[in-house]
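A short reminder: the numbers here are calculations on the coordinates, not readings from a lab. Because the structure is a prediction, the values reported are computed rather than measured. Positions of Cβ are generated from backbone atoms using ideal geometry, with glycine treated the same way; all protein chains shown enter the neighbour counts.
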Amino acid sequence: MTQSTIRLAVNGRIHDVDAAPDTALLYVLRNDLELNGPKYGCGLGECGSCTVLIDGIAARSCVIPIQGCAGRDIVTLEGLGSRAQPDPVQDAFIKEQAAQCGYCLNGMIMTTKALLMRNPHPTEAEILQALRYNLCRCGAHVEIARAAMRAAGLLVEAHH
């Protein structure tokens, strides 16, 4: 396909991107916009490392062409919070030390954020259901689930 200019709204800013319309959103986010929160994992939309929010819904950016993203609100991990003021979900993951290598963390945080946006008071079962298709190869599932429960207000104290 030939290149064209596609206007994307990412983290509250407008970007005019010159790329083929079928280019995966992940490549534009990482290569053109230098946003490294979303990771390249499987390239098939199965592991969750590349998850972003599109209009508030968790989406696998490695399999979404940019042509379908024009006019939509895209949020990456960088758009949630900052080091000084992390989003409550990011803060919960920090407090629960919910990472080993950290590669899956982007997807876990973004999926948790999407869940809490649509259901501010999920049960533990709803949290586990939402996260079940995000893969963690290190086996940090218990800590990740605790962080998501903390973000949902189900946990107040860390048990370390």
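Cα-based values for the chain, radius of gyration first and Dmax second, are 15.7, 55 Å. Here the relative contact order of the stretch 74-153, from alpha carbon pairs under 8 Å that lie six or more residues apart, stands at 43 percent.
Over all pairs of different C-alpha atoms in the stretch 1-91, the reciprocal of the mean inverse distance, the Kirkwood hydrodynamic radius, equals 13.2 Å.
Normalised by the residues of the chain, what does the relative contact order come to in percent, with Cα pairs under 8 Å and at least six apart? Could you put the intermediate results ahead of the total?
On the way: 289 pairs, mean separation 35.1, N = 160.
It rounds to 22 percent for the chain.
With Cα atoms defining each centre, the stretch 21-83 and the stretch 100-154 are spaced 18 Å apart in the structure.
Normalising the Debye intensity of the stretch 88-151 to I(0), with uniform scatterers on Cα atoms only, and taking log10 at q = 0.18, 0.20, 0.24 Å⁻¹ returns -0.52, -0.65, -0.96.
Please list 143-155, 63-75, 109-121 highest first by mean number of surrounding beta-carbon atoms within 10 Å per residue. Provide the component values of the computation, followed by the final result.
Numbers: 143-155: 21.7, 63-75: 17.7, 109-121: 19.2.
Ranked from most to least packed, the peptides come out as 143-155, 109-121, 63-75.
To the nearest 10 degrees, how steeply does helix 141-151 sit against the main Cα axis of the chain, on a 0 to 90 scale? Between helix and principal axis, roughly 90 degrees. Summary of packing: across the peptides 123-130, 33-40, the per-residue average of other C-beta atoms within 10 Å ranks them, highest first, as 33-40, 123-130.
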